[in-house]
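The values are calculated or read from the model by the stated rules, or taken from the named source; none is laboratory data. What you see is a predicted model; the values in this text were computed from it and never measured. Every residue, glycine as well, gets a Cβ built from its backbone with ideal geometry; the counts of neighbours run over all protein chains shown.
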Protein chains: 2
Amino acid sequence: MKVVVVGAGSWGSTFASLLAEREHDVSLNCRDPAQAQAIAATGRNPRYAPEADLSRVRPCVDGEARQALEVAELVCVAVPSAAFREVVTALPATGSPVLSLVKGFDPGSGQRLSTVVNGRPVAVLAGPNHAEEIAAGLPAVAVIASADEELARRLQEAIISPRFRVYTNGDILGVEVSTAAKNVIALAVGMTDGLGLGDNAKAAVVTRGLAEIRRIGRALHGRPETFSGLAGMGDLMVTCWSRHSRNRRAGELMAQGRSAEEAVREIGMTVEGLPTAPVLRDLGRRLGIDLPITEAVCAVLEGGDPNEIGPELMLRKPKPE
Amino acid sequence: MKVVVVGAGSWGSTFASLLAEREHDVSLNCRDPAQAQAIAATGRNPRYAPEADLSRVRPCVDGEARQALEVAELVCVAVPSAAFREVVTALPATGSPVLSLVKGFDPGSGQRLSTVVNGRPVAVLAGPNHAEEIAAGLPAVAVIASADEELARRLQEAIISPRFRVYTNGDILGVEVSTAAKNVIALAVGMTDGLGLGDNAKAAVVTRGLAEIRRIGRALHGRPETFSGLAGMGDLMVTCWSRHSRNRRAGELMAQGRSAEEAVREIGMTVEGLPTAPVLRDLGRRLGIDLPITEAVCAVLEGGDPNEIGPELMLRKPKPE
């Protein structure tokens, strides 16, 4: 299958290597010509995914990138959520399906990203998938969600491999909400790490965080199983507990006194929880849902004292669970 | 309140220190007179809970221990699951309530531990509560579950403090099943750690492990929220991801070639997942429920090759999630 991956960050590059392993014809559309050259010359993406084997992936820019999109049978989008709308709006009108690898909302409108895609079939891939480990050859499991079951099955077949197992899920809404919201919870959990509150407190915050995600999902009519599944609990857990997580790390840095901007600079990659937090808070308020962890994260992002987040998360008035 | 804690391991000692902080009159019944002497002399339990402040706890053995039980208004039991039945059967017939701090089943009968308590009100305390952190003064959250709501509320009031928040939960079955089963899942997760499969794989196994716990719970008519709550997901997570967990560590050692006995010797404390695994497997078989992770753990405990557990856990035939 002719596939284009748009976005040569760590996940886009790593996902391109998985597709090449399955012997698809893979173009990796880069924004930066120097990066494309480096990939072409070395078969690696030294800055964002040094371990991914890109020797059978074609890095493209400009005209070549547009041409690749013209003939693509599948377009995988792996750009920051803030760039998603622009990327899918500019796609040539071929009608080939879009697979979103992005975890966030459209920051301007607060819409789920899949709903920004017009005139073509759309699916979302999510799960506990830290790129660093997959690039290094370790096994992982993911979910492909689409309202179009046949598309989900077709993509599952195209992508699955012994080391990257893919399940299908019909609940695209639940998968998108889970994967966007988990980055906000990871910021809160990072703050508990930064405050040195320990693993017990951290587990409590993750548990209450998943309850928060579940409340939003229920209000929007997502399936409860999604929130307990790989794209819900699975991805939330690895984001909150793995040393690879940028969102958790950003929260940790902020609790230690850095501003959001300084944390992003230190991490050197997109931290999706930051634009997602206010979108999620506004969504919760609109739906009339109690989201104390999200509210606490937003308060810190707006200049509040991270030291106040601990009691806020842990010490609310006890009641029946 | 006059309280006896039976069992001076790490959790019993730490829990006694929490009760003393609330100014209860606390006896800590020890099996070993030398240990009781050490606690009396130093106000610490150097072997099992060096950081817990036991200066206001009265360590008891033999006659003094029996006497303390005679006048106790609450008996907290913190012994290995294998000793639970013997301990509660030998209690004087005062009718004072029992609070179980034990995570396991009665190994002989496979019964939930609370059902082994006869003739007195019973409750269970559970949650993400690694003793080491609580002894060190870090905050944590727990659940007290009882069929007797009034008892749960009374115990909540007696135990809660600013650093140990307690929720009540009416689903004692769900809490006991979750907390027993999570130690089995932690063995499997420790094996994925020992095999070096990475955090993505680990998150997948934990997620599928919770699904396994949820299936058992549903079959036994536990409440679904319990399995997603502090005693379910919360405790499972901290057991699987924290460096403090003995069960996770035991699985890791076994994947590196140690026998179960060697792992227990190296850890030096009870590893509840080991006796629980076959009980859980038999329960699953009796209920006709698919428990692939539990079955895989039992296969290793019965001499199977831990290297085979990775594919078993990760690479099953993909299907809708």
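The figures follow:
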| read-out | value |
| --- | --- |
| In region A:23-39, the residues that are surrounded by fewer than 24 Cβ atoms within 10 Å (Cβ to Cβ), assigned to a loop (DSSP other than H, G, I, E, B) and not acidic (Asp, Glu) | A:His24, A:Arg31 |
| Number of the exception - B:Pro224 against (1) at pLDDT 95 or above; (2) closer than 24 Å to B:Leu287 by Cα | (1) |
| Looking only at region A:146-178, and only at residues there that are among the hydroxyl-bearing types (Ser, Thr, Tyr) and closer than 22 Å to A:Leu74 by Cα, the one that is surrounded by the fewest Cβ atoms within 10 Å (Cβ to Cβ) | A:Ser161 |
| Count of residues meeting criterion [within 15 Å of B:Ala231 (Cα to Cα) and small (Gly, Ala, Ser)] in region B:79-130 | 5 |
| Test: residue in region A:5-22 that is outside any helix (DSSP H, G or I), of a type in the set (Lys, Arg) and modelled with pLDDT under 95 | no |
| Qualifying helices (runs of 4 or more DSSP H) (wholly inside region A:50-138; at least 1 residues being more than 14 Å from every other protein chain (Cβ to nearest Cβ) and closer than 30 Å to A:Arg285 by Cα) | A:81-89 |
| Hey, A:Leu280 touching a residue at least 60 places away in the same chain (Cβ under 8 Å), away from chain B (no Cβ under 12 Å) and either assigned to a loop (DSSP other than H, G, I, E, B) or within 16 Å of the chain's Cα centre (by Cα) (or both) or not | yes |
| Within region A:34-61, tally of residues that are more than 26 Å from A:Gly104 (Cβ to Cβ) and among the acidic types (Asp, Glu) | 1 |
| Residue identified as at negative phi and either at the interface with another protein chain (Cβ under 9 Å from one of its Cβ atoms) or within 18 Å of the chain's Cα centre (by Cα) (or both) among B:Arg165, B:Arg154 | B:Arg165 |
| Positions within region A:201-223 being of a type outside the set (Ser, Thr, Tyr) and within 8 Å of another protein chain (Cβ to nearest Cβ), in sequence order | A:Ala201, A:Lys202, A:Ala203, A:Ala204, A:Val206, A:Leu210, A:Ala211, A:Arg214 |
| Qualifying residue in region A:259-276 (condition: among the small types (Gly, Ala, Ser) and within 14 Å of chain B (Cβ to nearest Cβ)) | no |
| Lone qualifier among A:Gly190, A:Gly170, A:Gly198, A:Gly174 - being at the interface with another protein chain (Cβ under 8 Å from one of its Cβ atoms) and under 21 Å from the mean Cα position of the chain (by Cα) | A:Gly170 |
| Test: residue in region B:125-144 that is β-branched (Val, Ile, Thr) and in contact with a Phe, Trp or Tyr (Cβ under 6 Å, 6 or more places away or on another chain) | yes |
| Region B:241-273, residues that are hydrophobic (A, V, I, L, M, F, W, C), part of a helix (DSSP H, G or I), in contact (Cβ under 8 Å) with a residue 40 or more places away in the chain and within 11 Å of B:Ala186 (Cβ to Cβ) | B:Ala250 |
| Test: B:Asp53 is modelled with pLDDT of 95 or more, surrounded by fewer than 23 Cβ atoms within 10 Å (Cβ to Cβ), out of contact with any strand residue (DSSP E or B) (no Cβ under 8 Å at 6 or more places or on another chain) and within 29 Å of B:Gly137 (Cα to Cα) | yes |
| Output for region A:59-78, where each listed residue is surrounded by fewer than 22 Cβ atoms within 10 Å (Cβ to Cβ), closer than 18 Å to A:Pro33 by Cβ and within 24 Å of the chain's Cα centre (by Cα) | A:Val61, A:Ala65, A:Leu69 |
| Condition met for A:Arg316 (out of contact with any Asp or Glu (no Cβ under 7 Å at 6 or more places or on another chain) and at pLDDT 95 or above) | no |
| Those residues of region B:106-151 which are under 16 Å from the mean Cα position of the chain (by Cα), closer than 18 Å to B:Gly174 by Cβ and acidic (Asp, Glu), in sequence order | B:Asp106 |
